[in-house]
Each structure stands twice: as structure tokens, then as C-alpha cells.
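Written below as C-alpha cells is the structure these notes are about.
What follows draws every value from the coordinates through simple rules; no lab data is involved. On a predicted model such as this, the values are computed, not experimentally measured, just so you know. With ideal geometry, Cβ positions are generated from the backbone for all residues, glycine too; neighbour counts draw on all protein chains shown.
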Amino acid sequence: MLLVVDVGNTNITYGVYEGEELVTTFRMMSKTPRTSDEYGIEIRGLLQMNGIDYEKIDGCIIASVVPNIMYSLTSGIVKYVHDKPMTVGAGVKTGIKIITENPKEIGPDRIVDAVGAYEKYGGPILVLDFGTATTYDLVTESGEFAAGITAPGIRISAKALWEDTAKLPEIEIRKPKSILAQETISSMQAGLVYGQIGQTEYIINQVKKEAGLDKMKVVATGGLGRIVADETDLIDVYDSTLTLEGLRFIYNKNRR
């Protein structure tokens with residue numbers, strides 16, 4: 001079995017594959033400080049609670065945008081799951097050629113998403129990830145990572161609203177019944193959700209225009225991506241496990 005680990009700014013998402021089948025997923029917060037023992041014990045316990053014998057894990061791969069937890073996380077996996085993780089980074093084969101001005105600036109999470117999207121759906125393709133940040137990454141027909149756009153995520157925008165204003169409350173992020181809001185909470189929800197939809201549609205159209213790719217496929221992933229994907233015809237596919245799939249593809253490309 002293969003353990004895949006996506007370390008994001010907000011959450012760490014784990015997935016377990018048996019062959020090509022994703023048999024379980026679970027999460028923990030990435031901002032909570034943990035020792036290697038705490039990581040190891042929690043991961044082993046969550047595996048067992050999801051019906052997975054940790055001794056059957058014979059491979060592990062990690063993509064991380066949070067460097068300061070990597071030593072404890074990898075040490076915990078080595079000690080308690082008894083596997084040395086592969087880390088997405090320099091020297092790891094991905095099948096994607098990065099042709100941006102500074103390839104080293106492209107985060108491993110974006111590379112993993114690009115691999116997952118290209119391997120599953122082909123190219124040219126625009127990959128949207130609605131995470132802590134909202135990212136839009138263009139992969140060409142030949143598998144080149146050609147461009148990337150980064151915008152504040154919906155949660156970041158929401159947090160700015162209620163932390164930087166005296167009277168606006170913390171709210172649930174969801175689409176209101178109407179954009180014609182008549183009270184504070186639904187007015188904030190309308191601005192956040194419809195604003196994200198408008199931004200998404202504009203960026204997709206502009207990428208298609210400037211890249212000359214009218215027939216480009218668009219795939220979305222990320223926690224709040226479903227809200228946006230359900231409200232626009234410009235997103236062709238919403239794939240909640242795209243990042244985990246990308247990790248599996250990369251692991252298989254590097255197996256000996």
C-alpha cells in the first residue's frame with residue numbers, strides 16, 4: 001500500500017492507495033506544532049481507525065509547502081510507519097517540464113496538481129486549486145508547465161473581512177440564496193462567493209485568450225472548489241482527489 005501526504009498551509013491530507021484505488025483519506029491541521037513521536041502515533045492511529053494495517057504500507061510520498069514541519073513529519077513516518085518517504089522536489093521525476101522564468105519558484109503542490117491533471121485528462125489544461133491561495137496553472141499539450149496565476153483564497157479573503165473590520169462577524173463560507181443580500185451575513189457570503197466565481201471566470205477566459213487555447217480543458221480541486229465549480233460552465237471537471245492522484249503518479253514514475 002502507498003501512503004500519499006499533501007502538506008498544505010492549513011491542513012495535511014493523507015491518502016492510502018491499494019494499487020490504483022484510493023481506499024481512505026484523513027486530515028490533520030498543519031499549523032499545530034507536533035514532535036516526530038506525535039506525528040507518528042497520530043498517523044498510525046488514524047490508519048488503524050480507517051481499517052489500514054500500518055505494516056502493509058510499503059511506500060510513501062510527500063509534497064509540502066510548509067518546510068518547518070518536514071523533519072518531524074518524515075521522522076515520525078520513518079519511526080512509526082517504518083517507511084522512508086519520497087519528497088517531491090529537485091531530482092524527482094514528474095513528467096512535467098517547467099518552462100517558467102524561475103522553475104524553482106513553482107511550489108511542489110502546484111507541480112503535483114499539474115501532474116495529476118495532465119496524466120488524467122491530458123493537455124492543454126488549466127488546473128485550478130482552491131486552497132489557502134487560489135492558483136491557476138497552465139499545462140500545454142506536450143506537458144509543459146507554462147504559466148501560473150496566484151490569488152488570495154476564499155478563506156483568506158473572508159478572514160481579512162472579519163479580522164480587519166470592527167463590526168463584521170466570522171461567517172460560514174457558502175453561497176447565499178441570492179446575490180441581492182439584505183443583511184450582513186448573506187451580504188458577506190455573496191461578496192465572497194460571487195466574487196470568487198467572477199474572478200475565476202475572468203481569469204479562465206483571459207488565459208484562453210492570451211494563450212490562444214479556446215478548447216483548453218479546465219479542472220478544479222481544493223476544499224472550496226466545489227462551490228465555484230457548481231456555479232460556472234467554464235470549469236469542466238471538479239476532482240477532489242486530484243492532488244493525491246498526482247502524488248501517486250509521481251511515486252510510480254520514480255519507483256525502482
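Please give me, ordered by residue number, the GluC sites (Glu not before Pro) of region 92-153 that lie in loop per DSSP and have at most 12 other Cβ atoms within 10 Å.
Those satisfying the criteria are GLU101, GLU141.
Sequence gap at least 6, Cα distance under 8 Å: using those rules, report the relative contact order of the chain to the nearest whole percent.
So the answer I get is 18 percent.
Which far-off residues, 5 or more places away or on another chain, put their amide H under 5 Å from the one on ILE173, with H placed in the peptide plane?
none
As a quick test, which of the pairs LYS104/LYS217; LYS159/LYS208; LYS159/LYS209; LYS120/LYS215; LYS56/LYS79 have an alpha carbon distance above 24 angstrom in this structure?
With Cα atoms farther than 24 Å apart: LYS104/LYS217; LYS159/LYS208; LYS159/LYS209.
What's the exposure ranking of MET28, MET86, MET49, going from fewest to most Cβ atoms within 10 Å?
By the 10 Å Cβ count, ascending: MET49, MET28, MET86.
Collect residues whose amide H, placed 1.01 Å from N in the peptide plane, falls under 5 Å from the amide H of MET86; neighbours closer than 5 in sequence don't count.
CYS60, ILE61, ILE62
What do you get for trypsin sites (Lys or Arg not before Pro) in region 112-174 restricted to DSSP loop and a cutoff of at most 13 other Cβ within 10 Å of the site's Cβ?
LYS167, ARG174
Give me a comma-separated list of calculated 3J(HN,Hα) values for region 212-222, in order, Karplus coefficients 6.51, -1.76, 1.60 applied at θ = phi - 60°, integers in Hz, x for any Gly or Pro.
x, 10, 4, 9, 4, 7, 10, 10, 10, 8, x
Quick check on the exposure proxy: order THR221, THR132 from fewest to most C-beta atoms within 10 angstrom.
THR132, THR221
Spelling out what I want: for every residue of region 21-38, take phi, set θ = phi - 60°, compute 6.51 cos²θ - 1.76 cosθ + 1.60 (Karplus), and round to whole Hz; glycine and proline get x.
8, 7, 8, 6, 9, 7, 9, 8, 6, 8, 8, 7, x, 9, 7, 4, 5, 5
Testing the spin-label approximation: label points 7 Å from Cα along Cα→Cβ at TYR194 and GLU105. State their distance in nm.
Modelled inter-label distance: 3.5 nm.
How do ASP239, ASP37, ASP53 line up, fewest other C-beta atoms within 10 Å first?
Arranged by neighbour count, lowest to highest, ASP239, ASP37, ASP53 become ASP53, ASP37, ASP239.
Looking at region 57-111, which trypsin sites (Lys or Arg not before Pro) are DSSP coil and have at most 16 other C-beta atoms within 10 Å of their C-beta?
Hits after loop and neighbour filter: LYS93.
May I ask what percent, to the nearest 5, of DSSP beta bridges between residues of the chain are antiparallel? Before the final figure, lay out each step's value.
Details: 27 of 44 bridges.
Taking every DSSP beta bridge with both residues in the chain, the antiparallel ones total about 60 percent.
By what distance, in whole Å, do the Cα atoms of region 97-247 stretch along each of the three principal axes, largest value first?
50, 30, 27
Could you give the alpha-carbon Rg of the chain over 2.2 N^0.38 Å, rounded to two decimals? Please report the intermediate quantities before stating the final value.
On the way: Rg = 19.2 Å, N = 256, 2.2 N^0.38 = 18.1 Å.
Taking N as the residue count of the chain, the ratio is 1.06.
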